[in-house]
Amino acid sequence: MYRFEDPQFLILILPIPVLVFLYVRRRRSRSSAIRYSDVASLKQADVGRSGRSRHLLFVLRIVALTALIVAFSRPQTGVTSETVNAEGIDIVLAIDVSSSMLAEDLEPNRLEAAKAVAAEFVAGRRNDRIGLVVFAGEAFTQAPLTLDYSVVVDLLGQMEVGMIEDGTAVGMGLATAVKRLQASDAASQVVVLLTDGRNNTGEIGPVTAGQMAQALGVRVYTIGAGGQGMARIPVPGRGYANVEVDIDEASLQEVAETTGGRYFRATDSEGLGAIYAEIDELETTEIEVQNFTSYEELFNYPLAAGLLLLLIEVGLGQTILRKLP
């Protein structure tokens with residue numbers, strides 16, 4: 001963008017057309033009054049050429065004056081910059097990978113549905129660090145807090161049943177996720193925990209882990225994944241079996257309420273997607289945008305041009321054009 005820092009000087013350009021008009025008028029009146037005593041000398045003189053050369057001096061003076069007025073008005077060019085201050089959130093996803101996550105009441109099964117929705121959730125975040133914890137009979141960190149979302153998405157894709165000893169250590173999964181946030185200095189720390197069962201192993205129970213989260217200011221969103229009644233699950237060497245859906249909703253709800261989060265129940269894949277979308281809306285990053293413009297002075301260009309034209313005008317007037325009639 002361009003601007004003039006002192007635009008009031010531009011008003012000095014207004015008299016310039018008047019000066020041009022007066023100059024033209026004066027030259028015409030002078031040319032009509034010129035008398036020659038000797039016609040021979042008139043023939044020898046190149047009157048048209050000398051007149052045009054004399055006009056050149058006036059043109060140089062007018063252009064120089066215009067350039068100097070523009071220079072006094074201080075033309076500037078500005079570059080607008082934008083500073084984005086984002087106060088990010090640290091989020092750890094804790095996902096159950098026990099054998100029951102192969103149940104097919106969510107399509108194609110609970111684990112694949114959880115992986116797909118979690119990957120979409122991660123890809124949609126901005127300026128937030130994301131971590132990943134997996135748990136079954138025990139828990140471990142799959143990805144520390146990072147802004148490299150592609151890494152988290154890749155690790156989500158590699159999750160599978162059997163990568164950890166079987167069991168459902170919900171408390172250990174939550175405690176491990178909370179531990180990843182212990183050193184966080186983010187404005188908000190969040191755990192999103194998904195399981196399809198009830199705690200049956202591990203040294204720490206879900207409620208105790210929830211109290212740990214509360215003490216550290218970590219908000220926990222819990223998700224119970226599974227339909228109602230019975231669910232079909234593959235059994236190695238025996239095809240399929242129907243098992244009862246057994247989610248400890250009471251403990252999950254207590255953990256969420258204790259930490260200021262919410263408990264959700266996902267009975268199908270669409271519902272699970274809606275839950276993550278709602279959490280995405282609940283945990284938004286505050287972004288402050290500041291715009292500022294940096295201006296660069298351009299007056300030196302018209303100033304230099306104006307002074308140069310004046311020097312040329314004076315030089316021509318005192319040398320080549322001085323002898324012209």
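How many residues are touching an Asp or Glu at 6+ places or on another chain (Cβ under 7 Å) and of a type in the set (K, R) when one looks only at the range 166-217?
1
Of everything in the range 247-264, what is within 12 Å of R198 (Cβ to Cβ) and not acidic (D, E)? Give them in sequence order.
Answer for the range 247-264, where residues must be within 12 Å of R198 (Cβ to Cβ) and not acidic (D, E): I247, A250, S251, L252.
Of the numbered conditions (1) at pLDDT 80 or above; (2) more than 30 Å from N300 (Cα to Cα); (3) among the acidic types (D, E), D6 satisfies every one except a single condition; which is it?
For D6, the failing item is (2).
Answer yes or no as to whether G261 is assigned to a loop (DSSP other than H, G, I, E, B) and under 39 Å from the mean Cα position of the chain (by Cα).
Here the answer is yes, as G261 does meet what is asked.
Determine if the range 108-125 includes at least one residue that is surrounded by fewer than 22 Cβ atoms within 10 Å (Cβ to Cβ), among the acidic types (D, E) and not in a strand (DSSP E or B).
yes
Given the options T201, T208, T195, T222, name the one that is modelled with pLDDT of 95 or more and over 29 Å from L106 (Cα atoms).
So the residue among T201, T208, T195, T222 that is modelled with pLDDT of 95 or more and over 29 Å from L106 (Cα atoms) is T208.
Among the residues of the range 156-175, count how many are without any contact (Cβ under 8 Å) to a residue 40 or more places away in the chain and surrounded by 15 or more Cβ atoms within 10 Å (Cβ to Cβ).
4
Quick one: what pairs do we get from the range 303-325, first residue crowded, with 16+ Cβ neighbours inside 10 Å, second at pLDDT 80 or above and aromatic (F, W, Y), C-beta under 6 Å, 6+ apart or different chains?
From the range 303-325, no pairs qualify.
Which of the residues belonging to the range 194-205 are under 17 Å from R180 (Cβ atoms) and either within 34 Å of the chain's Cα centre (by Cα) or in contact (Cβ under 8 Å) with a residue 40 or more places away in the chain (or both)?
Answer for the range 194-205, where residues must be under 17 Å from R180 (Cβ atoms) and either within 34 Å of the chain's Cα centre (by Cα) or in contact (Cβ under 8 Å) with a residue 40 or more places away in the chain (or both): L194, G202.
Checking the conditions here, which among V70, V84, V79 is touching a helix residue (DSSP H, G or I) at 6+ places or on another chain (Cβ under 8 Å) and either modelled with pLDDT under 95 or assigned by TED's automatic domain parsing to the domain that holds G157 (or both)?
After applying the criteria, what remains is V70.
Has the range 43-60 got any residue that is outside any strand (DSSP E or B), under 42 Å from the mean Cα position of the chain (by Cα) and either of a type in the set (V, I, T) or at pLDDT 70 or above (or both)?
No: zero hits.
The values are calculated or read from the model by the stated rules, or taken from the named source; none is laboratory data. This one's a predicted model, so the numbers in the text were calculated from it and none came from an experiment. Neighbour counts run over all protein chains shown; Cβ positions are idealised from the backbone, glycine included.
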